Amino acid sequence: QVQLVESGGGLVQAGGSLRLSCAASRSIFSIDYMGWYRRAPGKQRELVATITSGGSTNYADSAKDRFTISRDNARNTVYLQMNSLKPEDTAVYYCLTRYQLNDYWGQGTQVTVSS
């Protein structure tokens with residue numbers, strides 16, 4: 001099993017930045033798939049960004065050119081740097097990993113962007 005703990009959310013003004021962290025309970029060195037998802041009020045959860053063990057990244061169109069996903073295997077942590085935040089980025093952000101054919105989610109961290 002893998003436990004994931006997100007942190008770094010908060011309230012920020014439009015145009016501001018936040019960095020989210022996702023700390024895993026085990027080594028992520030060999031975990032190929034890790035990602036960030038979000039659920040806005042009244043909407044379904046959606047992909048934000050993913051990163052493989054080799055460092056390949058994938059972004060939703062809404063996140064391209066503003067968000068950057070990265071991983072620090074030594075710290076067992078995945079990050080999401082979010083710049084130029086918009087009110088529509090307001091959501092609960094969740095970390096996901098796929099380990100041994102199972103999906104593990106964190107509890108989420110709230111990001112609120114005021115206009």
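Suppose the filter is of a type in the set (A, V, I, L, M), part of a strand (DSSP E or B), within 11 Å of Leu18 (Cβ to Cβ) and touching a Gly at 6+ places or on another chain (Cβ under 7 Å); does Val111 pass it?
Details: of a type in the set (A, V, I, L, M): yes; part of a strand (DSSP E or B): yes; within 11 Å of Leu18 (Cβ to Cβ): yes; touching a Gly at 6+ places or on another chain (Cβ under 7 Å): yes.
Taking the combined requirement at face value, the residue satisfies it.
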| note | Subset of region 61-91, residues open to solvent by less than 40 Å² (accessible area, probe 1.4 Å), in contact (Cβ under 8 Å) with a residue 60 or more places away in the chain and out of contact with any helix residue (DSSP H, G or I) (no Cβ under 8 Å at 6 or more places or on another chain), comes to Tyr79, Leu80, Leu85
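Scan region 1-60 for residues that are among the small types (Gly, Ala, Ser), open to solvent by less than 50 Å² (accessible area, probe 1.4 Å) and in a loop (DSSP other than H, G, I, E, B) and jot them down. Even if it seems obvious, please write down each step before you answer.
The first filter runs over region 1-60 and keeps only residues among the small types (Gly, Ala, Ser), leaving 7-10, 14-17, 21, 23-25, 27, 30, 35, 40, 42, 49, 53-56, 60.
From the residues that got through so far, the ones that are open to solvent by less than 50 Å² (accessible area, probe 1.4 Å) too are 8-10, 16, 21, 23-24, 35, 40, 49, 55, 60.
Selection gives Gly8, Gly9, Gly16, Ala40, Gly55, Ala60.
The values are calculated or read from the model by the stated rules, or taken from the named source; none is laboratory data. None of these values were measured; they are calculated from a predicted model. Glycine also receives a Cβ, built like all others from the backbone with ideal geometry; neighbour counts cover every protein chain displayed. Just so you know, the surface numbers come from the protein's heavy atoms only, side chains and all, with ligands and any DNA or RNA stripped out. Shrake-Rupley method; radii C 1.70, N 1.55, O 1.52, S 1.80 Å.
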